[in-house]
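Chemist: I am attaching a structure below and will ask some questions about it afterwards.
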Amino acid sequence: MDVTVNVSRKKGPLYLQIKNILKDRILHGVYPIGTNVPTEPQLEEEFNVSKITVRNAIKELAQEGFVEKKSGKGTKVIHNTSASKLSKGKRFTEVLVGEGYKVQKQFLQAEVISNEEGTELYRLFGERCLRIERLYHLDGVPYIHYTHYLIEQMESIELSDLNAHSLYGLLEEQDIALENFRDEFAVANAPIHVEKILGIKKGMPLLKRLRYSYDETGGVIEYSEGYYNTEMQHYVVNYDV
């Protein structure tokens with residue numbers, strides 16, 4: 001699944017944008033440990049940037065411990081996990097990548113919606129909020145469908161970036177700091193359109209994950225509903241002691 005990624009000076013230094021894109025690919029197994037990231041000329045062509053911009057991006061990745069660059073041998077991936085505020089354990093995608101899977105994200109659609117009084121969305125966000133749909137592929141096969149609901153002010157973010165960046169990374173770029181998270185899990189049937197996107201049988205029970213994200217004042221920034229096809233892969237949590 002090829003995804004077009006655009007970088008722009010309006011979003012900040014180009015080398016940092018490229019660094020974050022490459023880092024995200026490493027974290028999701030697109031570039032596994034022990035393999036090389038694309039060559040400098042390939043990255044220059046992909047992002048339409050100068051050699052020095054690519055080199056600065058690689059330098060940042062090396063300083064963070066994700067890659068090592070050796071003359072004549074390219075830039076090798078040596079680490080594929082990152083510190084996370086979400087928990088003391090590894091993120092689920094990091095567990096999958098550590099087991100040799102490749103995880104790719106696909107932005108499906110986004111729109112501002114009106115919320116009906118008395119609903120959970122109205123309680124969380126008021127009359128309107130931003131609704132985003134994304135799909136996660138596991139080794140090229142649809143695996144997880146997510147619907148994210150965000151405060152309406154997030155309408156201004158560059159949504160196409162969700163193909164290459166994490167949602168929380170984009171929130172940080174908007175100077176929105178998330179301080180607390182709450183997860184709920186259940187077994188449920190997915191909406192019909194989600195069943196079709198995931199390619200599963202009608203009425204097949206799935207793991208449903210609800211996530212609430214809060215800022216430092218306790219205000220809700222994000223509410224998400226995720227459906228996991230656990231017949232493909234169980235949901236796994238590893239904790240470091």
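Laboratory data are not the source of any read-out in this text; all were calculated from the coordinates shown. Because the structure is a prediction, the values reported are computed rather than measured. As a convention, Cβ positions derive from the backbone with ideal geometry for all residues, glycine included, and neighbour counts pool all protein chains shown.
Chemist: Can you run phi through the Karplus equation (6.51, -1.76, 1.60; θ = phi - 60°) for segment 11-18 and list ³J(HN,Hα) in whole Hz, with x for Gly and Pro?
Modeler: Computed from phi, the couplings for segment 11-18 are 8, x, x, 4, 5, 6, 4, 5 Hz.
Chemist: Would you work out the charge dipole size for the chain about its Cα centre, treating the Cβ of every Lys and Arg as +1 and the Cβ of every Asp and Glu as -1, and quote it to the nearest 20 debye?
Modeler: Computed about the Cα centre, the dipole is about 920 debye.
Chemist: Next question. Give the lysines reachable from Lys59 as a straight Cα distance under 17 Å; neighbours fewer than 8 places away on the same chain don't count.
Modeler: Result set, ordered by chain and number: Lys19, Lys23, Lys51, Lys69, Lys70, Lys73, Lys76.
Chemist: Mind checking which of Thr147, Thr230, Thr81 has the largest fluctuation in a GNM of the chain, springs on alpha carbons under 10 Å?
Modeler: So, out of Thr147, Thr230, Thr81, the one fluctuating most is Thr230.
Chemist: OK, next. Out of residues 5 or more away from Leu108 or on other chains, whose amide H comes under 5 Å of its own, with H placed 1.01 Å from N in the peptide plane?
Modeler: Sorted by chain and number, the residues that satisfy this are Glu133, Arg134, Leu135.
Chemist: To the nearest 20 debye, what is the magnitude of the charge dipole of segment 91-197 about its Cα centre, counting +1 on the Cβ of each Lys and Arg and -1 on the Cβ of each Asp and Glu?
Modeler: That gives a dipole near 380 debye.
Chemist: Taking H placed 1.01 Å from N in the peptide plane, check which residues at least 5 places from Ala190 or on another chain put their amide H under 5 Å from its amide H.
Modeler: Sorted by chain and number, the residues that satisfy this are Leu206.
Chemist: Here's a follow-up. All other residues with a Cβ under 12 Å from the Cβ of Arg131 taken together, and with Lys, Arg as +1 and Asp, Glu as -1, what is their net charge?
Modeler: Local charge sum for Arg131: -4.
Chemist: Go through segment 1-68 and name the GluC sites (Glu not before Pro) that are in a DSSP coil and have 15 or fewer other Cβ atoms within 10 Å of their Cβ.
Modeler: In loop regions of segment 1-68 (DSSP not H, G, I, E or B), the sparsely surrounded GluC sites (Glu not before Pro) are Glu64.
Chemist: Picking from Ser213, Ser50, Ser224, which is most flexible by a Gaussian network model of the chain using Cα springs under 10 Å?
Modeler: Ser50
Chemist: Hey, got a sec? Which trypsin sites (Lys or Arg not before Pro) in segment 10-76 land in a DSSP loop and have at most 10 other Cβ atoms within 10 Å?
Modeler: Loop-located and lightly packed - Lys73.
Chemist: For a quick check, take a GNM of the chain with Cα springs below 10 Å and name the residue from Ile58, Ile221, Ile197 with the largest mean-square fluctuation.
Modeler: Ile197
Chemist: Using θ = phi - 60° and the Karplus relation 6.51 cos²θ - 1.76 cosθ + 1.60, list the HN-Hα couplings for segment 98-115 in order, rounded to whole Hz, with x at every Gly or Pro.
Modeler: x, 8, x, 7, 10, 10, 10, 9, 10, 6, 9, 6, 8, 6, 8, 10, 9, 9
Chemist: If contacts are Cα pairs under 8 angstrom and at least 6 residues apart, what is the relative contact order of segment 104-241 in percent?
Modeler: It rounds to 22 percent for segment 104-241.
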